[in-house]
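This report refers to the structure that appears directly beneath it.
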Amino acid sequence: MQENNGDVQIQSAKTKKGGWHAAIFIIIMEAAEQFANIGLGSNLILYLTKALNEPVTEAAKNRNTWVGVSSIFPLLGGFIADSYLGRFKTIIIASLIYLMGMILLTLSVSVLKNKKLFFTALYILSVGDGGHKPCVQTFAADQFAEDTMEERDAKRSFFNWWYMAIVIGSVFAVFVIGYLMDNVSWAVGLLVLASMLAIALVVFLLGIERYIKESPKGSPLTSIVRVFVAAFRKWRVKDTRGPDSYWYGYDHASFNHSQSPPISRTLEHTEQYR
């Protein structure tokens, strides 16, 4: 009976990991991040033209540059998460960087009123967003297994609520933050965004014991880069004429047939792309 009770306790402890017990915290984090991103981006040109007195063309160029840089950083963030830190640690670090950037942005329009600090903070946000975007949705998917139909249904239901949270965060950001920035002050609008991010980070950390955390397994970008590196290094090598010339996992010069195990062929030899 004691062993059975122990098994039940272990099983109940396992059921607390992942699922909706963990996913609700991730939804709140994503809604807050979307709220901050849309709230800032939708009013950025207005700030650049009205507060910093930039021409519309220059303001549009600066905003587009920021958006472009923010779109590139997720490649680096995803690589770091997959290869070194894992998704959970990357989300924490990226959220802290994003929050720091928003705080600096608030200070740059209120207390310090420094244009260089404003743009520095803006690109700090890009770095933080680059670690957040490629990890949060995948980390949320990790919380749901697909072993049973019930788990698959829960996963589909989660992503319905996920996108609903994104839409709600975006709509409130456009109306609420836009109103505050236009009618109260830019500092108050940015302070609300920073406060929302801080609260969301605290809520996210409250679920730390409930998350299923996958270890880093290596980035697919590494394999892709290796192909290009190998092609560059061997572009003068003459093409091989037969499948017997290919080796998998061993150096041709040091290969010893008597000591090494037979090599299992992983790819069928074809004449395509030779």
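Only one of these conditions is not met by Ala173: (1) surrounded by 13 or more Cβ atoms within 10 Å (Cβ to Cβ); (2) farther than 28 Å from Ile45 by Cβ. Which number is it?
(2)
Any chance the range 29-49 includes a residue that's open to solvent by less than 10 Å² (accessible area, probe 1.4 Å), over 13 Å from Leu122 (Cβ atoms) and small (Gly, Ala, Ser)?
Yes: one or more hits.
Tell me, yes or no, whether the range 111-124 has at least one residue that is open to solvent by 10 Å² or more (accessible area, probe 1.4 Å), under 19 Å from Asn64 (Cβ atoms) and basic (Lys, Arg).
Yes, the range 111-124 has at least one match.
Of all residues in the range 66-103, which are of a type in the set (Ser, Thr, Tyr) and either buried (at least 16 other Cβ atoms within 10 Å of the Cβ) or touching a residue at least 60 places away in the same chain (Cβ under 8 Å) (or both)? Quick ask: steps written out before the conclusion?
Of the range 66-103, the ones of a type in the set (Ser, Thr, Tyr) are 70-71, 83-84, 90, 95, 98.
If the condition is that a residue be of a type in the set (Ser, Thr, Tyr) and either buried (at least 16 other Cβ atoms within 10 Å of the Cβ) or touching a residue at least 60 places away in the same chain (Cβ under 8 Å) (or both), then Ser70, Ser83, Tyr84, Thr90, Ser95, Tyr98 are the ones that fit.
Would you confirm whether or not the range 208-218 contains a residue that is crowded, with 19+ Cβ neighbours inside 10 Å and either in contact (Cβ under 8 Å) with a residue 24 or more places away in the chain or of a type outside the set (A, V, I, L, M) (or both)?
Within the range 208-218, one or more residues are crowded, with 19+ Cβ neighbours inside 10 Å and either in contact (Cβ under 8 Å) with a residue 24 or more places away in the chain or of a type outside the set (A, V, I, L, M) (or both).
Please work out if Asn62 is of a type outside the set (Phe, Trp, Tyr), more than 18 Å from Gln34 (Cβ to Cβ) and surrounded by fewer than 19 Cβ atoms within 10 Å (Cβ to Cβ).
yes
Condition check: assigned to a loop (DSSP other than H, G, I, E, B) and basic (Lys, Arg). Does Lys113 satisfy that?
Spelling it out, Lys113 is indeed assigned to a loop (DSSP other than H, G, I, E, B) and basic (Lys, Arg).
The values are calculated or read from the model by the stated rules, or taken from the named source; none is laboratory data. Here the structure is a predicted model, which means the values were calculated and not measured. Note that each Cβ is placed from the backbone with ideal geometry, even for glycine, and that neighbours are counted across all protein chains shown. Surface areas here come from the heavy atoms of the whole protein model, side chains and all, with no ligands, DNA or RNA. Shrake-Rupley method; radii C 1.70, N 1.55, O 1.52, S 1.80 Å.
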